[in-house]
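No value in this document is a laboratory result; all are computed from the given coordinates. Note that the structure is a prediction, hence the values are computed from the model and not measured. Reconstructed Cβ throughout: ideal geometry from the backbone, glycine too, with neighbour counts over all protein chains shown.
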Amino acid sequence: MKSKFSLTHLEELEYESIYVIREVAAQFERPVLLFSGGKDSIVMTHLAMKAFWPARLPFPLLHIDTGHNFEETLVYRDNLVKKLGATLIVGSVQESINNGRVVEEKGVNASRNILQTTTLLDTIEKYKFDAAMGGGRRDEEKARAKERFFSHRDEFGQWDPKNQRPELWNIFNGRKNPGEHFRVFPISNWTEMDVWQYILKENIELPSIYFTHQREVFNRDGVWLAKAPFMKLKDGEKYETRTVRCRTIGDISCTGLTLSAANSLEEIIGEIAATRVTERGGRADDMRSEAAMEDRKKEGYF
Amino acid sequence: MTEFSSKGYLDMELLRFTTAGSVDDGKSTLIGRLLYDSKSIFEDQLEAVKRASIRRGNEHIDLALLTDGLRAEREQGITIDVAYRYFATPKRKFIIADTPGHIQYTRNMVTGASTANAAIILIDGRNGVTEQTCRHSYIASLLQIPHVIICINKMDLVGYSQERYEQIKEEFGIFARMLDIREITYVPISALYGDNVVDSSINMPWYNGGTLLQVLENIGIGNDHNLVDPRFPVQHVIRPLSDEYHDYRGYAGRVAGGVFFPGDKITVLPSMLTSKIKSIDVYEGTLDEAWAPMSVAFSLEDDIDISRGDMIVKEDNMPMVSQDIEIMMCWMNEKPMQLNGKYAVKHTTRDVRCIIKEISYKVNVNTLEKVYDDKQVSLNDIACVKIRTTKPLFFDPYNRNRRTGALIIIDEASNNTVGVGMVTDRPQA
């Protein structure tokens, strides 16, 4: 039996996340919210808006731009920034390449996904950000299952999974030495399903590519990828038009599309409830090795 | 169908539970079984585990590989850290804090227990109550997990014997009288074969209780927070300074205890200034009441000076206010605790410093005995300690309020969290 003072799990998750976001604003001098245009960072931005209402966001949004975006994501991003009266900072991977900070990967599977880490760390250093909030969730990947809400990074931006700070109750330790920073994950405890249900409950607008549409795609190793000027076909691969939608949004080069006719949030939720593959199952970046995510995270990835 | 499931989903509750166990007691098998039988393991995860099992030369799919996330853990075949797992049934969403059970991981068990509504403690049906059972139960009691579920596992190896089950139940019942646990439930299971985990066992017709999953789905969690003593640690002051909200000042925070209503007469600590709650504000508008653990903002009738680290309480229900505090401390760091050492303290939203004044005794977590002759508090030790803080804290005994009764101790050189404390219920000086 439910008591009068019970909360639904979405309410409880929302209150927890708002608490964490407010802690960040209170404990750090120069926090920033990482915004990718994906649903998780959209939910994060929504939670941040609620946390400080009626004041504006007390921190800027930071988009690490690989230059390989779905156009719809950029349109959405700019509209959202305008609506919230927020500040947007863009860190450009193309610029990192031009400056010789990173070298573009070669070959048909080339992706700018890993290059983002350098751009991210450079941007954090340039603006002296001391806390970067991200939409990472513990249910996404096994290395993330052990991530703290407040995750300490040394002066090189590295994560040391074996030497993480204990984190108990809802007391968060954001103390650090100069040059170090924190990654904070306010929606750690949300699952993919929670995110979608929350989007439905709160009626949050999403970029159109999350819903079904016709697109030119090709199939590589069982994953549908979008046609784009910088994507190269291997022998035997060909473009075809399919009815697809995005289940997650990242860099075009590593975002697998789902064959789907789902046109509403309710239909998407129904699809996810029935699905038997995780959302990162379509992410080429995770399939590189058993510890691919752990390795990238140690270096300073999102 | 979608409309129905959406509606149901929006009405679900959240239960956080912890599991502690060692390599041999079937903990990983149990979690694997819960996730697998509730259809929470996805095909690509299972495929990845299969691939890894084959590469390692294992004969069977090793479900422990699902929970052991870090490279070092998979290489050594052990769980080092707390891993969080998620699954849901149509009734509830569950968060599992999966922790290693060995004594050298007491700090991880304590961490997992700190946010849990329930604890699953595994007892091997062949061995009965052991030192490990004692340790896990003590931690559940110390961290005030309201519901403890004793899973008597490996019933298949004791012939699914009711007599054996009753024996262990009695044994644990006697032991539990030394502890402070609100509710204990017993379930006889076989994690390996799935008896009474998700589905009822056909091998134990004598057992009339629910399966483990049914127990998890039905535990009453509505009153796990303190709803009696109103406590509101101020986290952040919201000042829009916009034309529309020029004079707005909202005290943002998470209710840490009790229920607040507009019109309540409140006192602010430490200033002791008083006012009334004008409104309880959230993005959607104003609320008629706010209770733990809701995140809200208060507007007050009077313009008084309040900042982060202050606490708003009801005028007629004051917390303890003191600089001398007795706590049960769990030490979390390789570097032992220094008697007369100085540390930073975080308590609710308040930052102070403290000095370790006295180590009264240590607890042998395997036997619950108090140890008076060894005062060295090292990693994984639990001790009764008296501290003095630079400024007063506003607190309640931990067994009355898990939010306002808890604090963490930070080494000021490394900034690492090195100890965690729970305020005892003895009179504080």
Checklist entry - Suppose every K and R has +1 on its Cβ and every D and E has -1 on its Cβ; what is the size of the dipole of chain A about the Cα centre, in Debye to the nearest 20? => result 240
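Which entries in A:K82/A:K232; A:K201/B:K314; A:K82/A:K142; A:K39/B:K39; A:K83/A:K232; A:K50/A:K128 show an alpha-carbon gap greater than 29 Å?
A:K82/A:K232; A:K201/B:K314; A:K82/A:K142; A:K83/A:K232
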Checklist entry - So what's the angle, to the nearest 10 degrees on a 0 to 90 scale, between helix B:27-37 and the longest Cα principal axis of chain B? => result 90
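Is the C-alpha gyration tensor of chain A telling us rounded, prolate or oblate? Criteria: a/c under 1.5 is rounded; beyond that, a/b larger than b/c is prolate, otherwise oblate. Walk me through the intermediate numbers first.
Details: a/c = 1.59, a/b = 1.18, b/c = 1.34.
Oblate, because a/c is 1.5 or more while a/b does not exceed b/c.
What ranking, highest mean first, results for peptides A:103-111, B:145-153, A:80-88 when packing means the other Cβ atoms within 10 Å averaged over each residue? Could you put the intermediate results ahead of the total?
Details: A:103-111: 12.3, B:145-153: 24.1, A:80-88: 14.3.
Top of the packing list down: B:145-153, A:80-88, A:103-111.
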Checklist entry - Given H placed 1.01 Å from N in the peptide plane, which residues other than close sequence neighbours of A:I89 have an amide H under 5 Å from its amide H? => result A:L61, A:L62, A:H63
Checklist entry - Which far-off residues, 5 or more places away or on another chain, put their amide H under 5 Å from the one on B:I266, with H placed in the peptide plane? => result B:S275, B:K276, B:I277, B:E315
Item to check | Backbone N within the range A:63-87 under 17 Å of label point (7 Å from A:A228 Cα along the Cβ vector) | outcome: A:63-78
Checklist entry - To the nearest 10 degrees, how steep is helix B:43-55 against the longest Cα principal axis of chain B, on a 0 to 90 scale? => result 60
Next on the checklist: To test your reading of the geometry: what angle, between 0 and 90 degrees and rounded to tens, separates the Cα axis of helix B:162-176 from the longest principal axis of chain B?
Outcome noted: 30
Next on the checklist: Testing the spin-label approximation: label points 7 Å from Cα along Cα→Cβ at A:L74 and B:R249. State their distance in nm.
Outcome noted: 4.6
Item to check | Computed magnitude of the charge dipole of the protein assembly as shown (debye, nearest 20; Cβ of K, R +1, Cβ of D, E -1) | outcome: 860
Item to check | Estimated dipole of chain B in Debye, rounded to 20 [Cβ of Lys and Arg +1, of Asp and Glu -1, Cα centre] | outcome: 780
Checklist outcome for this item: Ignoring GluC sites (Glu not before Pro) buried by more than 15 other Cβ within 10 Å or outside DSSP loops, the longest site-free run in chain B is B:60-243
Item to check | In sequence order, calculated HN-Hα J values of the range B:94-108 (Karplus, 6.51, -1.76, 1.60; Hz; x Gly/Pro) | outcome: 10, 10, 9, 9, 8, 10, x, x, 6, 4, 6, 10, 3, 4, 6
Checklist entry - Taking H as built 1.01 Å from N, whose amide H comes closer than 5 Å to the amide H of B:G101, not counting residues under 5 places away? => result B:G21, B:S22
Next on the checklist: Name the residue from B:P146, B:L157, A:N98 whose Cα lies farthest towards the positive end of the charge dipole of the protein assembly as shown, charges +1 on Cβ of Lys and Arg and -1 on Cβ of Asp and Glu.
Outcome noted: A:N98
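First check a/c for the range B:320-423, with a ≥ b ≥ c the square roots of the eigenvalues of its C-alpha gyration tensor; if it is under 1.5, answer rounded, and if not, answer prolate when a/b is larger than b/c or oblate otherwise. Provide the component values of the computation, followed by the final result.
Working: a/c = 1.69, a/b = 1.26, b/c = 1.34.
Oblate, since a/c reaches 1.5 and b/c is not below a/b.
Classify the protein assembly as shown from the C-alpha gyration tensor, please: rounded if a/c falls under 1.5, else prolate or oblate depending on whether a/b exceeds b/c. Spell out each step's value before the answer.
Numbers: a/c = 1.57, a/b = 1.15, b/c = 1.37.
Verdict is oblate for the protein assembly as shown.
Using Cβ counts within 10 Å as a stand-in for footprinting exposure, how do B:M294, B:M318 rank, fewest first?
Numbers: B:M294 24, B:M318 13.
By the 10 Å Cβ count, ascending: B:M318, B:M294.
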Item to check | Structure-based [θ]222 nm, chain B - -39500 (n - 2.57) summed over DSSP H runs of at least 4, per residue, nearest 500 | outcome: -5500 deg cm²/dmol
Item to check | Karplus 3J(HN,Hα) series, Hz, for the range B:184-192 with 6.51 cos²θ - 1.76 cosθ + 1.60 (x for Gly, Pro) | outcome: 10, 10, 10, 9, x, 9, 10, 5, 5
